[in-house]
Amino acid sequence: MQEKLTGNIPIRMTNDYLFKALLQESERTRKAIICSIMHYDPKSVTDVLIKNPIVLGDTIDEKDIILDVNVCLNGGVMIDLEMQVVNHRDWIERSIYYVSRNYANLETGNIYLNVLPSIQIGFLDYTLFTDSPAFHSTYMLMDTKTSRKYSDKFQIKVIDLTQIELATDEDKSYNIDRWARFFKAKTWEELDMIATNDSVMKEAVNTIYNLSENERIRQQCQAREDWERRTGWLIRENERQKNELAEAKAELSKKDAEILALKERLRKQETE
């Protein structure tokens, strides 16, 4: 990589294809991100094997492919990571499906106590619950009355890249906010500043540069961005049509009520 890069990054890290490519190419990066979010001691993590790699640069089916990163940690814990920019209005169901899929890992004849933990980590470039925004949220099974934890083997984590300013002191102590700013960076200068004094992040910057220099990978990233734009437009158009239909139904109900009221007045007049 050049000694000093300047200007805009050609492909933003919120691009799900580049996100997967980075985590697939750099074991240190995916290990650091997982340890940061899960509060793991990096020394305790010896293996971060990707279970669903892709051939970088090859054409993918843009309609069907889901570019999540499925990782087996230390041969046991199953962790799924995904970057999502467009709000498809299905993240809750999607994340539950991911974590449930990995949780069903018990081999025939094994006992339930040996079921492996399953964790889903979603990096969202939008706010999931607008009435209660948060930067880092963790969801797991618990008693709704006492909040007693039922199990931590089944977890869903959400990192809201639009709410970095809400990062807690604990989030900052584990550098989760730094990784969020890393993903949101727009220029090489921003990346260089964020990666200061961090060898793993510097390696991630080098990996991003090398990936961005690959023409076939750039084409796949562009294809994903085009697909996300079209998908976003379709979602917005669908919501617009739903709103118009709801307004039309409300107006029709209002007119029906007015007609009924008019009929009632006429009936009373006839009676009189």
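The values are calculated or read from the model by the stated rules, or taken from the named source; none is laboratory data. Remember, predicted model here, so these are calculated numbers, not experimental data. Cβ coordinates were reconstructed from backbone atoms using ideal geometry, including for glycine residues, and neighbour counts include every protein chain displayed. Protein only, heavy atoms only, side chains kept; ligands, DNA and RNA dropped before computing areas. Shrake-Rupley method; radii C 1.70, N 1.55, O 1.52, S 1.80 Å.
Structural remarks
- Extreme residue, farthest from Tyr98 (Cα to Cα), among residues of the stretch 122-155 that are surrounded by 10 or more Cβ atoms within 10 Å (Cβ to Cβ) and among the charged types (D, E, K, R): Lys149
- Out of Val115, Val158, sole residue that is closer than 20 Å to Val77 by Cα, touching a Gly at 6+ places or on another chain (Cβ under 9 Å) and either of a type in the set (A, V, I, L, M, F, W, C) or open to solvent by 30 Å² or more (accessible area, probe 1.4 Å) (or both): Val158
- Residue selected from the stretch 84-105 under the condition open to solvent by 30 Å² or more (accessible area, probe 1.4 Å) and in a helix (DSSP H, G or I), by the criterion nearest to Leu161 (Cα to Cα): Ile92
- Criterion applied to Arg230, Arg224, Arg236, Arg240 was being within 40 Å of the chain's Cα centre (by Cα), closer than 30 Å to Tyr17 by Cα and modelled with pLDDT of 75 or more, and the one residue passing it is Arg224.
- Checking Lys31 against (1) modelled with pLDDT under 95; (2) surrounded by 16 or more Cβ atoms within 10 Å (Cβ to Cβ); (3) outside any loop (DSSP other than H, G, I, E, B), the condition it does not meet: (1)
- For the stretch 1-44, the tally of residues that are of a type in the set (Asp, Glu) and under 25 Å from Thr187 (Cβ atoms) stands at 3.
- Residues of the stretch 29-39 satisfying the condition of being touching a strand residue (DSSP E or B) at 6+ places or on another chain (Cβ under 9 Å) and not hydrophobic (A, V, I, L, M, F, W, C): Arg30, Lys31
- Restricting attention to the stretch 117-157, the residues being part of a strand (DSSP E or B) and within 30 Å of Glu107 (Cβ to Cβ) number 19.
- Unique residue being open to solvent by 40 Å² or more (accessible area, probe 1.4 Å), modelled with pLDDT of 95 or more and not aromatic (Phe, Trp, Tyr) when the list is Thr168, Thr108: Thr168
- Helices (runs of 4 or more DSSP H) fully within the stretch 171-218 that include at least 2 residues being modelled with pLDDT under 95: 188-194, 199-212.
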